[in-house]
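The values are calculated or read from the model by the stated rules, or taken from the named source; none is laboratory data. Note that the structure is a prediction, hence the values are computed from the model and not measured. Backbone-built Cβ (ideal geometry, glycine too); neighbour counts: all protein chains shown. The accessibility values were calculated without ligands, DNA or RNA, using every heavy atom of the protein model including side chains. Shrake-Rupley method; radii C 1.70, N 1.55, O 1.52, S 1.80 Å.
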Amino acid sequence: MAWTYDAVIGFGNGMLKGVELKKDKFKYTNLLDASLPLNNLSIYDESKTIISSKRKMLLFDLKTKKMSKKYLIREAGNIIGVFKKNNVLIAGVNNGMVVVKPIKQNKIVLEKISTGSHLSCIRQVLTLDKFATGGIENPLKIWDLETGKVEFTAKSPKPDMLQLKLPCYVSDIQFFNNNKVVVSHRHGVVDLHDPLSSQRRPVASCKAENTGFVSLRTMPDYSDYEVIVGTSKGSIFHYDFRGKSTLPVKTFRGSTGSVKSVSCVNYLNQMHIMSISLDCHLRIHNFISGDLTLQDYIVAKPLALLIKPDEATV
Amino acid sequence: MAFTRVATSKMDSENEVGESQAGPELPKLARKKPRGLLRQEKLKDLKNKKKIQKRDRKLRKASGDPKQVPRTIENTREPDSTVFHSDDEDYDQKTQDLAAEFEHDEFADYYSDLYKPKVLITYKEKPLRKVREFGKILTEIVPNSVRIFRRDASVKETIQAAINKGYTDLVIINEDRNEPNGLILVHLPDGPTAYFRLSNVIFPNKRQRKEFTDHRPEVITTNFTTGLGKTVARMLGAVFHQDAEFKGRHVVTMHNQRDYIFFRHHRYKFLKNKPYLRELGPKFTLRLQYLQEGLYDPKCGEYRWIMTDKRHKIETSRRRFFL
């Protein structure tokens, strides 16, 4: 692999840092200095990453540490997520638009899809030509890339026992290998949807009180029911949809700020959970024991965490 | 005593015959001393200890050794990873990163002197007399500030209205039983939001109120050491005007000690090159409860640091401080 780093951290002020996991230590390398405000990070190919900043998308080469290309979007709003699929860049914008941008400039196949009033998350389906969106009062929708039409729309959450409307604020979406979808909400709900079934309401859901969920990650070991969720108050929960109880299986403690991103990494031949939080710390928890193995102060405010793609898929 | 008991038991196990011949040696019971005697002995011990300490001090003074440093909570504080020490491994890199972070954060515009702060001060829905009085005094101290009643407008509505009117900071004072007890500070237009517990408010008396002037005060924020503390200090500093009017000789001090932020307002004077302070008031204490990313949003907001609901998990030690 061209990735020499185990992970790449993107900071709010535009800094990029590569992290190597050493025994009892993190080793950092500066990739990019603070310049432009950074919104999101995503993988382009084996050696490049996409940096999205406000209305720009930049290709950044990790090897040469240089910007190679630049794409602009004519939309009022910030980009919240980008991914690459079949020679096309697909970007979700804050105001609810999804913009399809061809990588090579000569083809002009500019497309726009309106997904709703607000967008906070966009993810691609791993194997198929589909993507999922969600936002404030904009429940999960799965779109087909070729036709640009909705394939599946989740129903807004069921009203409570007094028949009052419950809010809906999607914060993150992830896919299992059997194409089931997990959606985390800012109001402390994680839902499991099955797009293949006729049921539009969640198949299973877990709840937490007094916190909201910010980040979500499915487990990499082909188990189709387990997720790891980072909350807005600093704990990381491990949920299992198989049981009847809606309580978390395990809690990973240690952070005092909102967990911006979680991922599973292989560290010292054991599964560990790597997380960045708004209290400017990088943490690694042991998955089996739940202990905090390593933590370090990374000074600036981190926003995005990219794990070496090889390990993210295994 | 215990020793003898062990010895006898050992003997027991070794040969039972010997025991039956001589008879077991019973341990002597300790005679209970009367209580008064115990106290007397304790006092005596203490006196002796002090005597020894005094003698040692004298000896040390005579020999010219350095003075011993008393152990306080501050100097035995638990090490914090966000405090920089110059002998750290990557000290240079970290200070560089921090400088870069401060160049690009929400208060960068204020500290590079791009705008003048404009502050809006409001209260809870129906404020009582004491809180209104408190807000009035705050408007007199904070330059370029306006106070309004927010009636039945929610905090979020107030924030939106304030952004539209071009305010840069918003202060909301809460009260409980006619006593100011909370303060929300929002930096506009895109956060962060801090909630402080407010306590020990002492209002200026008549004499002090007479000495208030319209001059812009100097602002000092001291003893904020950690990463969180620096952010809070920057936030508090950004409420006041950047260039002070030194003619007025007013100082506003926000001093952090053991996570409590003490607010003081003084007037200074130099007499024969010696500074003299005169307290103007008000005095109050702030304690950070949470620091939130973005605008005020208690339900789905993200927190940079939060203490509510998990104080017992965070406050694990008396010697651990966050600011």
Scanning region B:254-277 residue by residue, the ones that are loosely packed, with under 13 Cβ neighbours inside 10 Å and within 22 Å of residue B:138 (Cα to Cα) total 2
Expected single match for closer than 23 Å to residue A:40 by Cβ, out of contact with any Ser or Thr (no Cβ under 9 Å at 6 or more places or on another chain) and surrounded by 12 or more Cβ atoms within 10 Å (Cβ to Cβ) among A:124, A:174 is A:124
Filtering region A:273-301 down to residues that are more than 11 Å from every other protein chain (Cβ to nearest Cβ), assigned to a loop (DSSP other than H, G, I, E, B) and either closer than 19 Å to residue A:216 by Cα or in contact with a helix residue (DSSP H, G or I) (Cβ under 8 Å, 6 or more places away or on another chain) (or both) yields A:287, A:288, A:290
Condition (residue is open to solvent by less than 50 Å² (accessible area, probe 1.4 Å), within 14 Å of another protein chain (Cβ to nearest Cβ), within 20 Å of residue A:96 (Cβ to Cβ) and of a type in the set (Asp, Glu)) applied to region A:139-152: is it met by at least one residue? no
Restricted to region A:254-272 and to residues being touching a residue at least 12 places away in the same chain (Cβ under 8 Å) and either assigned to a loop (DSSP other than H, G, I, E, B) or farther than 23 Å from residue A:296 by Cβ (or both), the residue farthest from the other protein chains (Cβ to nearest Cβ) is A:268
Inside region A:109-121, the number of residues satisfying the requirement of being open to solvent by 30 Å² or more (accessible area, probe 1.4 Å) and among the β-branched types (Val, Ile, Thr) is 1
Residue A:3 fails exactly one of (1) within 19 Å of the chain's Cα centre (by Cα); (2) assigned to a loop (DSSP other than H, G, I, E, B), namely (1)
For region B:81-114, the count of residues that are of a type in the set (Ser, Thr, Tyr), within 12 Å of another protein chain (Cβ to nearest Cβ) and surrounded by 15 or more Cβ atoms within 10 Å (Cβ to Cβ) equals 1
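Residues are listed down the side, and each one gets a yes or a no for (1) buried (at least 20 other Cβ atoms within 10 Å of the Cβ); (2) on the phi > 0 side of the Ramachandran plot; (3) of a type outside the set (Val, Ile, Thr); (4) in contact (Cβ under 8 Å) with a residue 60 or more places away in the chain:
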position	(1), (2), (3), (4)
A:26	no, no, yes, yes
A:31	no, no, yes, no
A:54	no, yes, yes, no
A:57	yes, no, yes, no
A:64	no, no, no, no
A:70	no, no, yes, no
Residues of region A:194-233 being among the polar types (S, T, N, Q) and more than 14 Å from chain B (Cβ to nearest Cβ), in sequence order, are A:197, A:198, A:199, A:205, A:218, A:223
Exercise. So is residue A:251 buried (at least 17 other Cβ atoms within 10 Å of the Cβ) and within 14 Å of chain B (Cβ to nearest Cβ) or not?
Worked result: no
Conditions (1) over 25 Å from residue A:278 (Cα atoms); (2) open to solvent by 50 Å² or more (accessible area, probe 1.4 Å); (3) in contact with an Asp or Glu (Cβ under 8 Å, 6 or more places away or on another chain) -> residue B:156 fails only (1)
Check your understanding: Can we say residue B:113 is over 25 Å from the mean Cα position of the chain (by Cα) and at positive phi?
Key -> yes
Expected output for region B:302-315 (first residue within 21 Å of residue A:185 (Cα to Cα), partner assigned to a helix (DSSP H, G or I) and hydrophobic (A, V, I, L, M, F, W, C), Cβ below 7 Å, 6+ apart or cross-chain) is B:305/B:228
Note on region A:234-248: residues more than 14 Å from every other protein chain (Cβ to nearest Cβ), in contact with a Lys or Arg (Cβ under 8 Å, 6 or more places away or on another chain) and part of a loop (DSSP other than H, G, I, E, B) are A:246
Residue A:235 fails exactly one of (1) more than 14 Å from residue A:291 (Cα to Cα); (2) open to solvent by less than 30 Å² (accessible area, probe 1.4 Å), namely (1)
Exactly one of B:147, B:77 is surrounded by 14 or more Cβ atoms within 10 Å (Cβ to Cβ), away from chain A (no Cβ under 14 Å) and in contact (Cβ under 8 Å) with a residue 40 or more places away in the chain, and that one is B:77
Residue A:52: passes all of (1) part of a strand (DSSP E or B); (2) within 14 Å of another protein chain (Cβ to nearest Cβ); (3) of a type in the set (S, T, N, Q) but (2)
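Would you check if there is a residue in region B:122-135 being within 14 Å of chain A (Cβ to nearest Cβ), touching a residue at least 12 places away in the same chain (Cβ under 8 Å) and surrounded by 15 or more Cβ atoms within 10 Å (Cβ to Cβ)?
Checking region B:122-135: not a single residue is within 14 Å of chain A (Cβ to nearest Cβ), touching a residue at least 12 places away in the same chain (Cβ under 8 Å) and surrounded by 15 or more Cβ atoms within 10 Å (Cβ to Cβ).
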When region B:105-129 is checked residue by residue, the ones that are assigned to a loop (DSSP other than H, G, I, E, B), farther than 24 Å from residue B:156 by Cα and not charged (D, E, K, R) are B:112, B:114
Expected output for region A:112-141 (first residue at positive phi, partner of a type outside the set (Lys, Arg) and surrounded by fewer than 13 Cβ atoms within 10 Å (Cβ to Cβ), Cβ below 6 Å, 6+ apart or cross-chain) is none
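If you check B:168, B:193, which single one turns out to be open to solvent by less than 10 Å² (accessible area, probe 1.4 Å) and among the hydroxyl-bearing types (Ser, Thr, Tyr)?
None of the other options fit; the residue is B:193.
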Within region B:294-310, of all residues that are more than 8 Å from every other protein chain (Cβ to nearest Cβ) and in contact with a helix residue (DSSP H, G or I) (Cβ under 7 Å, 6 or more places away or on another chain), the one nearest to residue A:234 (Cα to Cα) is B:307
